[in-house]
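Coordinate-derived values only; no laboratory data. It should be emphasised that the depicted structure is a prediction, and the values quoted were computed from it without experimental measurement. Here Cβ is always computed from backbone atoms with ideal geometry, including for glycine, and neighbour counts include all displayed protein chains.
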Ligand SMILES: Cc1cc2nc3c(=O)[nH]c(=O)nc-3n(C[C@H](O)[C@H](O)[C@H](O)COP(=O)(O)OP(=O)(O)OC[C@H]3O[C@@H](n4cnc5c(N)ncnc54)[C@H](O)[C@@H]3O)c2cc1C
């Protein structure tokens, strides 16, 4: 059986390694960190199969100045960084044309609608029920204007048969009585579910992978060479040859692709979370706050406020002002929140068209990419793993993956 390396043990790499191992490949998962502890650790916990509306939207360019001027808005930009990376920003804006946005939304829906089934295939072997809740996600609009402006998203969802229910203020109050009286209305994403402990789910899938014979190496991948019949990985203290390599290194994937001569316009949308102490159950479901672009989620060890977007690259340290903003706004929505237990910054891997790259390298058929899942990587981990498994067997996946092709750039 073929030897396959999976580089990157975030949710995408863990699920890919799991499906490959189940298919009988000899699989080695490699990460310089512990599995599931980077971007896949600190997110907003939603299995967001409704999230088919890309961040790119028609008219975004005109809204950016307003967004940046808003003290507590969802977006922050490091202008020096953007100037250095202008081609990415311009390409992102090009994907805001209406026809393009409709195309992206339909391609995202194509993956999202298979996301739950693919996870359930894993969850029938691994019991994670205690970490999953079926209480549907709630989006809170801060003003009538934000509610009305959201109509474009409602149309995109309707066109792709994604169901939502609008709620009046009183209906929201019935669902979530502890939320302060600061909102105009709400919307529920029908049938959505979330986790109360993402790391526990990643760890359980990873442990099952080891149990069925998978290998894990905790080392940095420093270089890759293509030999005639194999691919050689240079780790910290050894070199290993593999028949195939899967690159699922999230926001760092382009660094590895570059070693092989591939180049992708991958950037990162940084996001933050704050974990607040709480001794009681304050909310039943993830509650998104439109004014500032984050979710409040009651998880196993407190309430996590997670989200927002910052364009500032991979290496800059975390921005205290963003965390202060999230704290201020979280306490406005849920004044009962306790002290801060911890804070976190993560890096969403994002391509300018908000679609992931899933497919074989142009340079080498035995290198397969799986990265760039932006705001929905937690949701798409399992379905991506299934596709990677089919591609590794040289089979045609049962989902049309043309839109995610590495050759589109
Ligand atoms: C604030 C926030 C909220 C979010 N909310 C949600 C949500 O509610 N629902 C949702 O679906 N998604 C959400 N996301 C997005 C989601 O978290 C990401 O898309 C997803 O975690 C990406 O997973 P990944 O496996 O691609 O990357 P990662 O989890 O980042 O894993 C990549 C791994 O590659 C490793 N690596 C990189 N380079 C090397 C190397 N050279 N050698 C060895 N190892 C290497 C890293 O150490 C890392 O462990 C959110 C993201 C953020 C930041």
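Of note:
- With a Förster radius of 30 Å applied to the beta-carbon distance between residue 327 and residue 255, the computed FRET efficiency rounds to 0.35.
- Highest-first arrangement of 117-123, 3-9, 272-278, where packing means the average Cβ count within 10 Å: 3-9, 272-278, 117-123
- Distance between the modelled labels on residue 405 and residue 344, one decimal in nanometres: 3.7 nm (7 Å Cα→Cβ projection).
- Choice from 208, 66, 21 with maximal GNM fluctuation in the chain (Cα, 10 Å cutoff): 66
- Cα convex hull volume per residue for the range 251-409 (Å³): 133
- Taking the chain as a Gaussian network of alpha-carbon nodes connected by springs under 10 Å, the highest mean-square fluctuation of the residues 238, 124, 360 belongs to 238.
- Calculated on the alpha-carbon coordinates, the convex hull of the range 297-351 measures out at 107 cubic angstrom per residue.
- Normalising by residue count, the range 312-383 has a Cα convex hull of 164 Å³ per residue.
- Net length available on complete extension from residue 234 to residue 100 is 44.3 nm, with 0.36 nm assigned per residue and the Cα-Cα distance removed.
- Percentage of interatomic Cα-Cα distances in the chain larger than 28 Å: 45
- Listed residues 88, 289, 378, most fluctuating in the chain (Gaussian network, C-alpha, under 10 Å): 88
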